[in-house]
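Have a look at the structure below before the remarks.
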């Protein structure tokens, strides 16, 4: 019996409410000049107060040394072992844009990219073209026919798009064309199992035709595909945890992740501010008992290497979090899905500051929400997979295990 | 290979002695007026001294957020993975009262309860009737015949009793009649596998006849059954750990748990004081090398919500523990099986203060035995399953793993 099945056996519905605030990429590294991380630099009186009244620790998204992608990191936070519950990137993108997937569809994530005259990748994101330009190019790519199939192409955001192969006998086990670095040519899409030969051939042909169509669309003169996948079927959070969950997220992928675990997704404008996200939470407060609020801006600032911007994002969360505490949910968790230190400009393996506040949390001596303070919290280093059991327990939503 | 098999391979017999003192329900929550838990409130100079000279941490009985019953919590302390080694509640009760189980017996735990005229449960414990009254009612229920079977009914304590179905082809996979909450009618006992149909029918008939007999015995006018089970067969502590273990416990279930893992059980009067339990340990000191001493009163006070009484229980243990230290065992462990905060009046998920004292323990900076102090101990948060390997190692009873 896996963890989720164990929890399912002891979870009970109740009126108590849980809020999980995820500041994407929250964990950081000290700035060389100040010796302080982004979170340690930010003025966060409200989060510090929650840390003081709550219990703290550092969460390990996947385990020491392992840097997670957004999918596994969020699945772990939701209590789904990311080594057991895997989702292809293509499916994530499809879910995030409300794409109406059909049984048997194979979805892949696409990037528009820039290649030189030899076909070598110069920029994996085509200078981050606008979403508008992305949509225009997707319209062109939608014309491509490969065999009897006309793959569906949808813009996602910026340089990112979705391509869905729909037809009979399609299988997702084909390789990525995206080599994940510049200076190389895109890889050929090949079958990773005998039955996927047809899918690989169709995808390879589609890429070839896309290159021809995009030849004069510099900087978006080529595509990269990755994460070919079919829709997974996971037990829902309502089934396992007996929760009525809702997600508040501006970025498509996180809405998609939330849907995969059976959350409803609140209507949030993609350009919403952090404060607006908390306002949406407040609007929905009466209708649900679990609130996943996702703040993408922390990760974006980290990936851009913008230390100061990440500090500002954290301070905006701190200011907005009072809207949440005013609602007095039974349990408030504030953490990140992973670290994205501005100094690394990338996701990292570092454990992530975590605070849990509830009436029953048994507080520790931590008085500040920061990497260093949380390292001394009573929870120590905690696998992210344990966050949901802990939140449910603190909401008195778990009964005893065994007599 | 599971953990127990790993330990079995490296455990060696030796003259060193280990004492495991379990204060049932030890962990607590801060009193709102003082901000101090039961253990933090209690004056515990002897335990503080052991903590100062020993090494401390917090143990997780089953993992973050999981509230254990007494069975799983103790099995974990004894080093038996409670998710792998499961014991039905009926068998636990039988073992705890020295009931002479025979091969094939199916045992269930019974509660006398109070129902209204519609059969709806008003009190799952029938106002906690006396053990004497329980015995009288069990005598009446012993007259019931169902088919060719005359189930054996034995009083346990208060409202609790044991019923054992003895006959051919009986199987334990039948459902509980106890719905585990008031305001509902008892559930029908049904078969959970085809071969258990006969057992379920006998149990259902027995419950029906018991209701008729008890009709005029308010408040004990109905029964609830749960935990139908047959005797498990676990490897013994002497086989796995090469120990000669003895249990000192006043409460039936804990003696039963000790027997399941192959401990001998010292003759202890059920009304013994904590000091008397330590005296019994001293009497048996020469004959064994592992001593499990169980203090039930901590959990009882916690479940009653009696903060002050729990403080007094802890202080009584502190006073009595000098009898143990005088014997100079090689390893002393003091901990709980789980937390039972007086504020929650129930078992809880909170990790449990843990101290281990031995000549070889590598002490830390903890100078006080408390939740907050132990959270800063060198052992951090430690799965309860690791307690036995750690105790054995500190007694120099484990050889090297691998060459």
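The values are calculated or read from the model by the stated rules, or taken from the named source; none is laboratory data. From a predicted model like this one, the values you see are computed outputs, not experimental measurements. All Cβ positions, even for glycine, are placed from backbone atoms using ideal geometry, and neighbour counts span all protein chains on display.
Applying the selection to region B:71-87, what residues are touching a residue at least 24 places away in the same chain (Cβ under 8 Å), surrounded by 24 or more Cβ atoms within 10 Å (Cβ to Cβ) and either assigned to a strand (DSSP E or B) or facing chain A (nearest Cβ under 9 Å) (or both)? Result: B:71, B:73, B:75, B:87.
Within 20 Å of the chain's Cα centre (by Cα) and part of a helix (DSSP H, G or I), is that true of residue A:256? Judged against the criteria, residue A:256 is a match. In region A:259-283, the residue that is surrounded by the fewest Cβ atoms within 10 Å (Cβ to Cβ) out of those that are closer than 17 Å to residue A:75 by Cβ and touching a residue at least 40 places away in the same chain (Cβ under 8 Å) is A:259. Go through region B:223-250 and count every residue that is under 20 Å from the mean Cα position of the chain (by Cα) and within 14 Å of chain A (Cβ to nearest Cβ). Result for region B:223-250: 6. With respect to being surrounded by fewer than 23 Cβ atoms within 10 Å (Cβ to Cβ) and either outside any helix (DSSP H, G or I) or more than 12 Å from chain A (Cβ to nearest Cβ) (or both), residue B:108 falls outside the description. Taking region A:310-403 and the strands (runs of 3 or more DSSP E) fully enclosed by it, the elements with 1 or more residues that are under 14 Å from residue A:298 (Cβ atoms) and out of contact with any helix residue (DSSP H, G or I) (no Cβ under 6 Å at 6 or more places or on another chain) are at A:331-335, A:352-358.
Out of (1) outside any strand (DSSP E or B); (2) touching a helix residue (DSSP H, G or I) at 6+ places or on another chain (Cβ under 6 Å); (3) farther than 29 Å from residue B:307 by Cα, what's the single condition that is false for residue B:47? Answer for residue B:47: the failing condition is (3).
For residue A:66, are the conditions met, namely being modelled with pLDDT of 95 or more, within 17 Å of the chain's Cα centre (by Cα) and surrounded by 24 or more Cβ atoms within 10 Å (Cβ to Cβ)? Taking the combined requirement at face value, the residue does not satisfy it.
Counting only residues that are touching a helix residue (DSSP H, G or I) at 6+ places or on another chain (Cβ under 6 Å) and either over 16 Å from residue B:19 (Cα atoms) or in a loop (DSSP other than H, G, I, E, B) (or both), region B:264-282 holds 2 of them.
Taking the conditions (1) more than 24 Å from residue A:156 (Cα to Cα); (2) part of a helix (DSSP H, G or I); (3) without any contact (Cβ under 8 Å) to a residue 60 or more places away in the chain in turn, residue A:36 satisfies each one other than (2). For residue B:182, the test of being on the phi < 0 side of the Ramachandran plot, assigned to a loop (DSSP other than H, G, I, E, B) and touching a strand residue (DSSP E or B) at 6+ places or on another chain (Cβ under 6 Å) is passed. Residues being more than 18 Å from residue A:47 (Cα to Cα), in contact with a strand residue (DSSP E or B) (Cβ under 7 Å, 6 or more places away or on another chain) and surrounded by fewer than 23 Cβ atoms within 10 Å (Cβ to Cβ) are entirely absent from region A:303-320. Does residue B:47 qualify as being within 24 Å of residue B:251 (Cβ to Cβ) and within 11 Å of chain A (Cβ to nearest Cβ)? The answer is no for residue B:47.
One line per residue, one yes/no per condition, for (1) at pLDDT 95 or above; (2) more than 7 Å from chain B (Cβ to nearest Cβ); (3) buried (at least 22 other Cβ atoms within 10 Å of the Cβ):
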{"residue": "A:358", "(1), (2), (3)": "yes, yes, yes"}
{"residue": "A:369", "(1), (2), (3)": "yes, yes, yes"}
{"residue": "A:383", "(1), (2), (3)": "yes, yes, no"}
{"residue": "A:388", "(1), (2), (3)": "yes, yes, yes"}
{"residue": "A:393", "(1), (2), (3)": "yes, no, yes"}
{"residue": "A:400", "(1), (2), (3)": "no, no, no"}
